[in-house]
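Engineer: Below is the structure I would like to discuss, written out as structure tokens.
The values are calculated or read from the model by the stated rules, or taken from the named source; none is laboratory data. Fair warning: this is a prediction, and the values are worked out from it, not measured in the lab. Here the Cβ positions follow ideal geometry from the backbone for every residue, glycine too, while neighbour counts run over all protein chains shown. Only protein heavy atoms, including side chains, enter the accessible area calculation; ligands, DNA and RNA are left aside. Shrake-Rupley method; radii C 1.70, N 1.55, O 1.52, S 1.80 Å.
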Amino acid sequence: MTILASADRKCRRSPRAPLLPRKCDDGDSFEVGFSGASFSGAVFNLATTVVGAGIMALPATIKQLGMIPGLIMILLAALLTESSIEMILRFSRASKSSSYSGVIGDAFGGVGRTILQICVVVNNLGMLIVYMIIIGRCAVGNMVGQGPPFGCGGGMVWSALVEHTLLLVASNNSPCFDSSHITQARCYSLRYTSALSVALAVVFVAITAGVAIVKLVEGSIGMPCLLPEIVDQASFWKLFTTVPILVTAYICHHNIHPIENELHDKTQMKPIVRTSIMLCSSVYIATSFFGYLLFGDQTLDDVLANFDGDLGIPYGSLLNDVVRVSYAIHLMLVFPIVFYSLRLNLDGLLFPYAIPIAFDSRRFFLITAALMGFIFLGANFVPSIWDAFQFTGATAAVAVGFIFPAAIALRDTHGIATKKDRLVSCVMILLAVSSSAVAISSDIYSIFNR
């Protein structure tokens, strides 16, 4: 481990302290020349945390639920997410906590804090494995000229290695691999790449919408199913398997405090959250609507896979390439900000009493290398992104997004919860637990009845 000067030893943290230091005990500013994050930079960072790979599975979710119920569920998930984040922020101020785990620790002690960190690690690992899978299918397949590659969820080790190299190139210019950068620039340094990643997601939506409108004018698109098709008991229970996808699509709770801690005016956080959720919901609704409208019953679990075939319009092949490459780049830009919280939470879980990881380069690089290796291996063995979403969404994501925020309000250690908070919390826990239980049971049933 790196030997620290005596002044730095005072920054040794307790388990309830933020995982990244802001000020040492002597009052010196941790970061010189930084006056606070801007509103737009915070919005883009939070929106980038939200809009990841989950968007790719939303058209398939609409296919199962039907157009009308599916779009309603996307809006409902957005409203519940905003409510849960608002409760986290309010109870954070009451407990004077500067991290999500600190709020949980204040309400439920060290055990609750540890469970939350485990959930965040599992959720973020699942998300980054999905990113790997999609980047491999898009970028590597286009480069080698053989269509969708088999390195992710298949068996071509060489294509997975190329995919891993692409991620390393993206990560080398981010806090993922630069220990000094993480202590000096922090999350706000990602504002430009976050803005670019959101722009690339909008490009994907625009192309999908444009192709769908052209084919609709030509009359080559049929009427989509407005309601779910329920033919037997199994098809009814299968509807609940979409809930983990919707929950995962809005998970950003683990990055709320790192973004808020960098704001000069903390009162801006609520409008930042609302703006980000509105932006992401607009992207999600447009992607789900036009994606399902374009591909109909042929919509795959990963809608990007639908762009491997003939779109039936002029320059269709070029548009396919633009869609796949742009979204692969988008995920490579999202990767660092999700990895950021993953590494911090894993370090806090494994070394709760150690000095902050920003001061220990050796621990920093060991944890980074171990996580990248695990993500790389996971991407080669997980069969599809739907399976990854089902596992993380029905377990860790539901806990991080709904169960823990609701439990904080119901626990109400500071006596600030309103009747509305308790009612919303009960609804969130009921929906989260019941839907997750049904989704897991449905998945197990489908496995044994294939």
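Engineer: Pairs Lys266/Lys420; Lys63/Lys238; Lys63/Lys215; Lys266/Lys419; Lys96/Lys270: which exceed 21 Å Cα-Cα?
Structural biologist: Working: Lys266/Lys420 24 Å; Lys63/Lys238 12 Å; Lys63/Lys215 19 Å; Lys266/Lys419 25 Å; Lys96/Lys270 17 Å.
Too far apart for the 21 Å limit: Lys266/Lys420; Lys266/Lys419.
Engineer: Also, quick follow-up: Ignoring ligands, DNA and RNA, what percent of the accessible area of the stretch 216-323 is carbon or sulfur (1.4 Å)?
Structural biologist: Numbers: 3110 of 4970 Å².
Carbon and sulfur: 63 percent of the exposed surface of the stretch 216-323.
Engineer: Which FRET efficiency, nearest 0.05, do Arg274 and Ala206 yield, Cβ-Cβ r, R0 41 Å?
Structural biologist: On the way: r = 24 Å, r/R0 = 0.58.
The calculated FRET efficiency here is 0.95.
Engineer: Another question about this same structure. Give me the distance in nm between label points sitting 7 Å out from Cα along the Cα-to-Cβ direction at Tyr315 and Val111, one decimal.
Structural biologist: 6.2
Engineer: Per residue of the stretch 381-386, in order, report the coupling 6.51 cos²θ - 1.76 cosθ + 1.60 (Karplus, θ = phi - 60°) as ³J(HN,Hα) in whole Hz, putting x for Gly and Pro.
Structural biologist: 10, 6, x, 7, 5, 4
Engineer: Whole-Hz ³J(HN,Hα) for each residue in the stretch 213-228, computed from phi via Karplus 6.51 cos²θ - 1.76 cosθ + 1.60 with θ = phi - 60°, x for glycine and proline: what do you get?
Structural biologist: With coefficients 6.51, -1.76 and 1.60, one gets 5, 4, 6, 5, 5, 6, x, 9, 10, x, 6, x, 6, 7, 10, x Hz.
Engineer: Given a 1.4 Å probe and every protein chain left where it sits, what share in percent of the accessible area of the stretch 379-450 is carbon and sulfur?
Structural biologist: Details: 2550 of 3640 Å².
The value for the stretch 379-450 is 70 percent carbon and sulfur by accessible area.
Engineer: Follow-up question, since we're still on this one. Just to confirm my numbers, what's the Cα centroid distance between the stretch 364-419 and the stretch 75-109 in Å?
Structural biologist: 15
Engineer: Accessible area per residue for the stretch 354-450 in Å², computed with a 1.4 Å probe and the full protein assembly in place, what is it? Spell out each step's value before the answer.
Structural biologist: On the way: 4610 Å² over 97 residues.
Dividing the accessible area of the stretch 354-450 by its residue count gives 47 Å².
Engineer: Given Cα pairs under 8 Å that are at least 6 residues apart, what percent is the relative contact order of the stretch 247-358? Walk me through the numbers on the way to the answer.
Structural biologist: Working: 23 pairs, mean separation 17.0, N = 112.
About 15 percent, as a whole number.
Engineer: Something else now. Considering amide H positions built from the backbone, and no H for Pro or chain starts, which residues 5 or more places from Ala37, or on another chain, come under 5 Å of its amide H?
Structural biologist: Counting only residues 5 or more places away or on other chains, the set is Leu263, His264.
Engineer: Same structure, new question: For the pair His414 and Leu350, how long in nm is the line joining their label points, each one 7 Å along Cα→Cβ?
Structural biologist: The two pseudo-label positions are separated by 3.3 nm.
Engineer: With a cap of 13 neighbouring Cβ atoms within 10 Å, and only residues DSSP puts in a loop, list the GluC sites (Glu not before Pro) found in the stretch 225-287.
Structural biologist: Taking the stretch 225-287 and a limit of 13 other Cβ atoms within 10 Å, the loop GluC sites (Glu not before Pro) found are Glu229.
Engineer: Which length gain, in nm to one decimal place, applies between Val214 and Arg362 when the Cα-Cα distance is subtracted from 0.36 nm times their residue separation?
Structural biologist: Full extension of this stretch gives 47.8 nm more.
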